[in-house]
1. Return the single residue from Leu29, Leu174, Leu95 with maximal mean-square fluctuation; model: Gaussian network over the chain, springs between Cα atoms under 10 Å.
2. Around Val114, which amide H atoms from residues at least 5 apart in sequence, or from another chain, sit under 5 Å from its own amide H, with H modelled in the peptide plane?
3. Express as a percent, rounded to the nearest 5, the fraction of DSSP beta bridges in the chain (both residues included) that run antiparallel.
4. Along the Cα-to-Cβ line of His177, 7 Å from the Cα, sits a label point; which residues in the stretch 16-57 have backbone N less than 13 Å from it?
5. Taking only Cα atoms and a 10 Å spring cutoff, compute GNM fluctuations for the chain and point out the largest among Ile52, Ile162, Ile79.
6. With the chain treated as a Gaussian network of Cα nodes joined by springs under 10 Å, which of Lys98, Lys184, Lys51 yields the largest mean-square fluctuation?
7. Just to be sure I understand the curve: with the Debye formula and one point per C-alpha of the stretch 31-178, what is log10 I(q)/I(0) at q = 0.10 Å⁻¹?
8. How far, in nm, would the chain grow between Lys98 and Ala44 when pulled straight, counting 0.36 nm per residue and subtracting the alpha carbon separation?
Amino acid sequence: MQQTGFEEEIRVAIVGAGGFGRVALDVLLEGGSEGEILGFYDDAHAALPDKIRGFPVLGDIGMLKSMLSVEPVHVIVAITGNRARLRVANSIRGLGGKFVTAVHPLAYVSGAAVVGDGSVLAPGAVAHPGAVIGSHCFLGANSVVDRDAAVGAGAWISSGAIVGPGVRIGARVLLGHNASVGRKASVEADVMVEPGDVVEEESLRAGQ
């Protein structure tokens, strides 16, 4: 697992300069990585300010992809939409791009948990022993992925949401604020669990 506080000197680009991009920047800064941050790339760069918290908005995603062919850059794809985030991340990965996992110092990740590359963990997020979190996920403030649970790539676990022991969360799932998934239940790919909803010991499928 890669996370903030890098031993090697690398440069980090954030794709997406909206709300999620600002959260990712904050997590990186709190982790002491200010000196590694290049800035932002966003296809809407022309409508954005020149700088965000002192870091430049450098251009569109195509410009970042061109740069990857000539110099190494580590990336966080901070696009809120799960499908779009994975699509962009996979296109960057296909060009040989590498990804940073940003873990806020106030988050807790067990040494027996696994967090995929490109994920962002906000303050208070918890990953208990045996938890497996896929690439390019977001764990919001005070969210919990309990022991032996698995969260698929590109999932969004909102603030206060609970993924119970042994749960299986599919790729690109959106778990709303303060929602919970009970012990050993499963949520299939692309499902949205509404804020505050409780999924008990069953399988929740798309369209339900």
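Coordinate-derived values only; no laboratory data. All figures in this text were calculated on a predicted structure; none of them were measured in a lab. Note: ideal-geometry Cβ built from the backbone for every residue, glycine included; neighbour counts use all protein chains shown.
1. Leu95
2. For Val114, whose amide H was placed from the backbone, the distant partners under 5 Å are Ala131, Val132, Ile133.
3. Values: 2 of 44 bridges.
Bridges in the chain that DSSP calls antiparallel: roughly 5 percent.
4. Nothing falls inside the zone, counting backbone N under 13 Å.
5. Ile52
6. Among Lys98, Lys184, Lys51, the largest mean-square fluctuation in the Gaussian network model of the chain belongs to Lys51.
7. At q = 0.10 Å⁻¹ the computed log10 ratios are -0.36.
8. On the way: separation 54, 0.36 × 54 = 19.44 nm, distance 2.29 nm.
That pair, Lys98 and Ala44, stretches by 17.2 nm at full extension.
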